[in-house]
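Taking it in order: structure first as structure tokens, then the write-up.
The values are calculated or read from the model by the stated rules, or taken from the named source; none is laboratory data. Just so we're clear, the structure is a prediction, and the values are computed from it rather than from any experiment. So basically every Cβ, Gly included, is an ideal-geometry build from the backbone, and we count neighbours across all protein chains shown.
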Amino acid sequence: MPKATHLECSICKIRYSSSAINNLCTCGGPLLVAYDLDGIRSRWLRREVSNGPSSMWRYAPVLPAAAASIVTLGEGWTPLIQTKRLGKRIGADALWVKDEGLNPTASFKARGLSCAVSMCGELGIKR
Ligand SMILES: [Zn+2]
């Protein structure tokens, strides 16, 4: 059962099939994945969240790829680090930064690429 209900243009709101290969909307707007959040909420148990893998795929129910399609090098689950000196300098009592440099590509982009490559496999995209 597909988790995504459809893709929707972030600009003009035109809907596209989530099981077909799409890039941008005809208006040039990026497509956002829409989910049946009420259905997911009723099936996804809290303990499944806390017992999930230590990666971005812990949240697989709200990511488009099916479990069998997931391609991962362990993206996500990067630490939050408190930056006391910087926080003090800018007047923030509790300033935290996410260390995305611990992702496999040393970039936050690893998350999106894991999802994109997984979806390429699922949709049969070879290149
Ligand atoms: Zn559009």
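Okay, residues lined up against (1) within 16 Å of the ligand (Cβ to nearest atom); (2) farther than 29 Å from ARG127 by Cα; (3) assigned to a strand (DSSP E or B); (4) among the hydrophobic types (A, V, I, L, M, F, W, C):
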position	(1), (2), (3), (4)
GLY29	yes, no, no, no
VAL71	no, no, no, yes
LYS88	no, yes, no, no
ALA92	no, yes, no, yes
PRO104	no, no, no, no
GLY112	no, no, no, no
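Residues that are part of a strand (DSSP E or B) and within 16 Å of the ligand (Cβ to nearest atom) were ranked within the stretch 1-25; the one that is surrounded by the fewest Cβ atoms within 10 Å (Cβ to Cβ) is ARG15. Comparison of LEU123, LEU95, LEU102, LEU86 shows that the only residue that is modelled with pLDDT under 95 and more than 16 Å from the chain's Cα centre (by Cα) is LEU123.
Pairing residues of the stretch 64-79 that are of a type in the set (A, V, I, L, M) with residues that are in a loop (DSSP other than H, G, I, E, B), at Cβ distances under 6 Å and at least 6 apart in sequence or on separate chains, gives LEU73/PRO104.
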